[in-house]
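**Q** Please see the structure below; I have some questions.
The values are calculated or read from the model by the stated rules, or taken from the named source; none is laboratory data. Since we're looking at a predicted model, the values are computed, not measured. Please note: Cβ atoms are built from the backbone with ideal geometry, for glycine as well, and neighbour counts cover all protein chains shown.
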Amino acid sequence: MTQPTPSKRPLWTVAVLLLLGAAALWGASRLVWSAEQHDRGVRGVVLETHTGAQVQGALVPLAVLAVAGVAGAVATGGWPRRVLGVLLALAGLWACWLAVDGLSFGGFPAGTPGWQIFTGRGLALLGGILVLLGGLIATRKAGSMPRLGARYAAPSVKKTARDPDTELWEALSEGEDPTDR
């Protein structure tokens, strides 16, 4: 019984989900996440805004982890890919938690950019969900996704060439002089 040929679709799906999730997390780190009005004496009441990176410093590292997860998903297979998928799913859950942690649905003071706060946190939530889905798919479909080819694996048994010309070219590729035979 032969094994079915691995489909590239789940691997592409994981890569796209992780890259989109990383972009969303990075973008959310640049947007407004909180705003407060402070009385500054002579200057009056001043609105201070804080970005996602200032409020939740883990957004950018989670985005970097998601990008690294793409390389890990492509380079690994089997159990290492499943472990990577679980790690990415946990990172996605963490990003979702960071997005909703401290979110207030109450009224904002006048002049507070409420829609900007919800946009920044919503983008982080979307990024977390995308990374979570990428990790779950990588875990579930780890066996059916293609691995790096045998070209990148350490040679265990030397192949025998079928054609004499091919044998000469392989000898040249390995650094041998085929004319010394």
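**Q** W79 versus (1) of a type in the set (F, W, Y); (2) more than 14 Å from T119 (Cβ to Cβ); (3) surrounded by 12 or more Cβ atoms within 10 Å (Cβ to Cβ): which is the lone unmet condition?
**A** Unmet condition: (3).
**Q** Hey, among A28, A73, which residue is touching a residue at least 12 places away in the same chain (Cβ under 8 Å), of a type in the set (A, V, I, L, M, F, W, C) and over 15 Å from L126 (Cβ atoms)?
**A** Being touching a residue at least 12 places away in the same chain (Cβ under 8 Å), of a type in the set (A, V, I, L, M, F, W, C) and over 15 Å from L126 (Cβ atoms) holds for just one of A28, A73, which is A73.
**Q** Go through the range 124-158 and give me each residue that's hydrophobic (A, V, I, L, M, F, W, C) and at pLDDT below 90.
**A** If the condition is that a residue be hydrophobic (A, V, I, L, M, F, W, C) and at pLDDT below 90, then A142, M145, L148, A150, A153, A154, V157 are the ones that fit.
**Q** Just name the residue that is surrounded by the fewest Cβ atoms within 10 Å (Cβ to Cβ) out of those in the range 27-72 that are touching a Ser or Thr at 6+ places or on another chain (Cβ under 6 Å) and among the β-branched types (V, I, T).
**A** It comes out as V60.
**Q** Further question on the same structure: Could you grab me the full set of residues in the range 114-123 that are closer than 15 Å to A24 by Cα and either out of contact with any Ser or Thr (no Cβ under 9 Å at 6 or more places or on another chain) or modelled with pLDDT of 90 or more (or both)?
**A** Result: F118, T119, G120, R121, G122, L123.
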